[in-house]
1. If you take the beta carbon distance between THR59 and LEU7 as r and set R0 to 41 Å, what does 1/(1 + (r/R0)^6) give as a FRET efficiency, to the nearest 0.05?
2. Using only alpha carbons, build the gyration tensor for the stretch 271-415 and give me the equivalent ellipsoid semi-axes, biggest first, whole Å.
3. Place a point 7 Å from the Cα of PHE110 along the Cα-to-Cβ direction; which residues of the stretch 49-88 have their backbone N under 15 Å from it?
4. Checking a compactness column here: for the stretch 363-402, what do you get for Rg(Cα) / (2.2 N^0.38 Å), N being the number of residues?
5. Hey, how many Å between the Cα centroid of the stretch 320-343 and the Cα centroid of the stretch 401-419?
6. Divide, for the stretch 287-370, the radius of gyration over alpha carbons by 2.2 N^0.38 Å, where N is the residue count.
7. Run the numbers for VAL342 and THR395: contour at 0.36 nm per residue of separation, minus the present Cα-Cα distance, in nm.
8. Taking the Cα of LEU67, stepping 7 Å toward and past its beta carbon, and measuring to each backbone N in the stretch 255-274: which are under 17 Å?
Amino acid sequence: MTTADTLAVRIAEAKSGWRPLTGSMVGLAVGLGSVPLYTNSVLFESLGSDYGWTTSSLTLVFLICNLLLAVVSPFAGRIIDQVGSRMPALVSSLVLAASYAVMALAPGSFTLYVVAQIVVYVAAAGSVAVGYARIVSGSFDRMRGIAMGIMNTGPALAAMILPGVASSALGSGGVRGAYVTLAAVVAVGGILSYALVPGRADAAHGPDGRVDAGGPGHPDHPDQPGHPGHARDTDGPVSTNAAARAGIDRTIVVMFVAFFFMALATIGLIEILFGLLLEIGTSQGEAVALLGSLGAVMLVVRLCVGLLLDVLPVAWVAAGALGLCAVGLASLAVVGVEAAPVAVLSLGLALGSETDILGVFVSRHSARERFGRVFGIGSLAYGLGVAVGPHLLETIHDATGSADATIWTAVLALVASAALFASTRPRRTRSRTLRSSTAAVI
């Protein structure tokens, strides 16, 4: 394919894919993975001062709910594979909006708060990345990486906007007013997302029934020399023997463990990073400024990683991002406070690339009809890391009394994740092979 042909394909993809891409970006911004995450810290303070609820009890509820979300993610992915992404995403958004409306009616009831949170984290799982990533991966091929990056700017923008919206609503209407405002934001955003995504973008299969490997010339495409499918595909059907199935099974297992270690290190560290920065000698103002820079770093990283995913194998990009993050965090333990900006920048590199990498990795290694459930497996692994990471790293810190021990634990987890990604090879095969092999591990 010539450069002119490639450019023409990219332009055609942009023209046909802007609506599903925009709708997915909006839906992800107002979904379960964004709104609670970026508004809870604002709401928790008022819930504590108004009703006497402790931060520890509120964060415990948040931990339990995220564990539930991790467990239900593969099942949500399975449903999405069967019925599509648009309707589950819309229903999930309306459930999330309804939960905020219910809490606005009786904001002082902790029992109601707990029940509403548990229900919404189970019933609204369709508004997280799995459904939207499926839509975008099916709408883009040559631009899939940058499209995933653009889609994931939704949560980054939410991180910049929603805390201010919640704070303003609290100031004018108290907790009840904040819940009503968030209910309206989620409902309007969910409906807008549904309207923007056309039904054709929610189809379960490509036009020829095969999974797209990124187009000829892409490093993950089977026509590339050294790819497991190179030359073999030209003479007949793809092999369905046990060895091929075992290779795919191994890739999914490696993906699971790699994403678990990634989340354990990055989310685990970000939850306690403020205290660690103070402990190593940064002032409170400097620590706040460093953490505040993460949103901007993540926004830029998502786009840059998306571009790289279109020209390099996804395993290389993942291993590189995690390796650089490990080096940046190690510099904090070795050099000390002078390396704090480098460490925070490197942490933003890993935090800003996780969903892009997961979406593209799954799209390159699984059939489209299995995308949701395989993505759900990755989300389960990541969710378990999110739940375990903060508690594990805080326990290590309490046991050793050392910020360095905590940082080195995160560094080791990042190195392990990078090594696991580096051990995978681009593997593309026909959907019937992937169907049987993926089913073997689900």
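The values are calculated or read from the model by the stated rules, or taken from the named source; none is laboratory data. These numbers were taken from a predicted model, which means no experiment stands behind them. Cβ sites come from the backbone with ideal geometry, for glycine too, and all protein chains shown count toward neighbours. The protein model used for the area step is the full one, side chains on, heavy atoms only, and it has no ligands, DNA or RNA in it. Shrake-Rupley method; radii C 1.70, N 1.55, O 1.52, S 1.80 Å.
1. Values: r = 49 Å, r/R0 = 1.20.
Rounded to the nearest 0.05, the efficiency is 0.25.
2. Working: eigenvalues 172, 61, 32 Å².
In descending order the semi-axes read 29, 18, 13 Å.
3. Residues 49-62 qualify, since their backbone N sits under 15 Å from the label point.
4. After normalising by residue count via 2.2 N^0.38 Å, the value is 1.79.
5. Cα centres, the stretch 320-343 to the stretch 401-419: 11 Å.
6. On the way: Rg = 14.4 Å, N = 84, 2.2 N^0.38 = 11.8 Å.
Relative to the rule-of-thumb radius for its length, the stretch 287-370 sits at 1.22.
7. Values: separation 53, 0.36 × 53 = 19.08 nm, distance 2.51 nm.
Length gained between VAL342 and THR395: 16.6 nm.
8. What the label zone holds, given the 17 Å backbone N cut-off, is 264, 268.
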